[in-house]
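Here's the structure we're looking at; comments come further down.
None of the figures in this text is laboratory data; all of them are computed from the coordinates on show. All of these numbers come straight from a predicted model, not from anything done at the bench. Heads up, the Cβs are rebuilt from the backbone with ideal geometry, glycines too, and the neighbour counts pull from every protein chain shown.
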Number of protein chains: 4
Amino acid sequence: MSGLAFQREQLVRFGHCDPAGIVFYPRYFEMLNELIEDWFACALGLPFDVLIGQRQVGMPTAQLDTRFLRVSRHGDHLQQSISIERLGGGSLKLNIAFVGDDGPRVEFTQVLVCTSLATHKPQAFPDDLRAALERSLAAQEQETDKP
Amino acid sequence: MSGLAFQREQLVRFGHCDPAGIVFYPRYFEMLNELIEDWFACALGLPFDVLIGQRQVGMPTAQLDTRFLRVSRHGDHLQQSISIERLGGGSLKLNIAFVGDDGPRVEFTQVLVCTSLATHKPQAFPDDLRAALERSLAAQEQETDKP
Amino acid sequence: MSGLAFQREQLVRFGHCDPAGIVFYPRYFEMLNELIEDWFACALGLPFDVLIGQRQVGMPTAQLDTRFLRVSRHGDHLQQSISIERLGGGSLKLNIAFVGDDGPRVEFTQVLVCTSLATHKPQAFPDDLRAALERSLAAQEQETDKP
Amino acid sequence: MSGLAFQREQLVRFGHCDPAGIVFYPRYFEMLNELIEDWFACALGLPFDVLIGQRQVGMPTAQLDTRFLRVSRHGDHLQQSISIERLGGGSLKLNIAFVGDDGPRVEFTQVLVCTSLATHKPQAFPDDLRAALERSLAAQEQETDKP
């Protein structure tokens, strides 16, 4: 089984849900952005307010493929996980899952690209971000090797 | 060139944009849902408040693949279009584009599935919805055949 | 009866509504911001992307008193109106109503303050904005005087 | 000094902020709803998914007066607090503050009303909710009496 780069739990709130009583799907993408934000801040040590706000390094999404597998309801707890599939020189491919107690609710494959916010053009990862991502990938692979 | 089932224009508003000055990507999915909602209400003649609210027919998204090609800024006008790629007995595959004056900004491939809101299980399209979708597809194909 | 500075109509969309089937109140504030944005762009001739984005003139809200009088449901049409109660040198007090076919749904009293986005400190309205607001107020008062 | 019924901390996230780099004010109302939701779930022992979803007891906002005192930026931590000002038979008046390290950012006075979701009409609080609110008020007053 594949190791994970980051995990957290997300409560499905009243404001996430629609008149059909289930999560309104644009809210899943707000949750996804919060997950990535927490990974950068808590695990990689590079909070977005520093990276994006102060250093003007962007991390926009280039591609995002989403499979909605089961509905989520108000009050559910979702186990969210990030697994790095590919780490390039200035881009990152992630497999992300939101899992409820009956199995996966949503699965994402997300490609993030490093850009300069001055130009919105792609650039290589800054050295400290690259080092943090390599450490995260190494930890994930070590976890994968466990029997 | 492929014909279109529906078109409309969307203004990029202040509230759609993030501190980097560009559209925050979860907002694109809110725009997408409004586009589908307008297609059903204005072109198919089956507004969601009737279909979902009164008749308890759901149209959740099963798969959504998104390519973010160019950034959009506050004040931009996006030309939005829907093209039906495949019409099944209880599902629908759409190609959707949001285009700015410099080319496509975002492209979506979206699979919608008809469900019962009582059970959240898939079901065949109700007859009037199926007929409306077939008319929309026929109009789109006629447009495609134009020289 | 008091005259109006601006009016428009707002459709209550699926994404505005909560599991109780009615508008989730934070969405009313998104609608309110869009109303103010349209007033500035369409009636005052000073779109926010120019005013805020290019000229770095902020128009933050200092005070906002809201009365929720009746529920709104998916598919409802709300008549939105703005009436200027007081025009100061760098601030603006507005009375705003969202009205459904059974009467007012929400009423807001909103104080907006002109700021510099470089410092987030209050400043006087720029001359062209002041002139546009004075024209809007004069038109509103003329409407009020009508028999 | 007045005692508090509930407190928590809120991180200002990227998605809360606008192109001016500060919290977009409709996002404060989303935060407010999450705060109330956490108070009910964590302190009153009556989560909204049970109260609203299963028992069809609504807690809509009737009046909400808001003072925006200082700007909040991405990455800020807000100390949020709820103080009960008045507990009626089927309504509740709260004073709520979001405080940053430079002082209060936003202050709300919110009146919540208990309703039946079948009719959206006001009703008395259910007994267990009334008892929980009375305990919360008593704890708050005890805190106030401390020297």
Rg and Dmax of the stretch B:58-118, Cα atoms only, in Å: 13.8, 45
Peptide B:65-78, shielding by other chains (average Cβ, 10 Å cutoff): 4
Degrees between helix D:25-38 axis and first principal axis of chain D (Cα, 0 to 90, nearest 10): 40
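With a Förster radius of 25 Å, plug the Cβ-Cβ distance of D:ARG55 and A:GLN79 into 1/(1 + (r/R0)^6) and report the FRET value to the nearest 0.05. Working shown, then result.
Values: r = 27 Å, r/R0 = 1.09.
It comes to 0.35.
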Cα convex hull volume per residue for the protein assembly as shown (Å³): 194
Restricting the stretch B:1-59 to trypsin sites (Lys or Arg not before Pro) in coil, as DSSP defines it, with at most 15 other Cβ within 10 Å: B:ARG55
GNM top mover of A:ARG135, A:ARG105, A:ARG70 - chain A, alpha-carbon springs below 10 Å: A:ARG70
Cβ nearest the rotation axis (A onto D), residue from chain A and distance to the nearest whole Å: A:GLU30, 5
Copy-to-copy label separations for A:PRO122, where each label sits 7 Å from Cα toward Cβ, in nm and ascending: 3.5, 5.0, 6.1
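Give C:LYS93/D:LYS93; C:LYS121/D:LYS93; C:LYS93/C:LYS121 a once-over and call out the pairs whose C-alpha atoms are over 27 Å from each other.
Numbers: C:LYS93/D:LYS93 25 Å; C:LYS121/D:LYS93 32 Å; C:LYS93/C:LYS121 18 Å.
Long pairs (Cα-Cα over 27 Å): C:LYS121/D:LYS93.
Could you give the dipole magnitude of the stretch D:53-109 about its Cα centre, charging the beta-carbon of Lys and Arg +1 and that of Asp and Glu -1, in debye to the nearest 20?
Values: 7 positive and 6 negative charges, 41 e Å.
In debye, rounded to 20, the stretch D:53-109 gives about 200.
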Mean projected area in nm² (Cα convex hull; one quarter of hull surface) for chain A: 9.3
Acute angle (nearest 10 degrees) that the helix B:127-145 long axis makes with the longest principal axis of chain B, alpha-carbon atoms: 50
log10 of Debye I(q)/I(0), alpha-carbon scatterers only, for the stretch D:16-94 at 0.16, 0.17, 0.25 Å⁻¹: -0.75, -0.83, -1.35
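In nm, what is the difference between 0.36 nm times the number of residues separating C:ALA138 and C:LYS93 and their Cα-Cα distance? Mind dumping the intermediate values first?
Details: separation 45, 0.36 × 45 = 16.20 nm, distance 1.51 nm.
Separation in residues times 0.36 nm, less the Cα-Cα distance, equals 14.7 nm.
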Gap separating the Cα centres of the stretch A:22-72 and the stretch B:1-64, nearest whole Å: 21
Other-copy label distances relative to B:ARG135, 7 angstrom Cα-Cβ extension, nm: 4.4, 5.9, 6.2
Chain D - percent relative contact order, Cα under 8 Å, separation 6 or more: 30
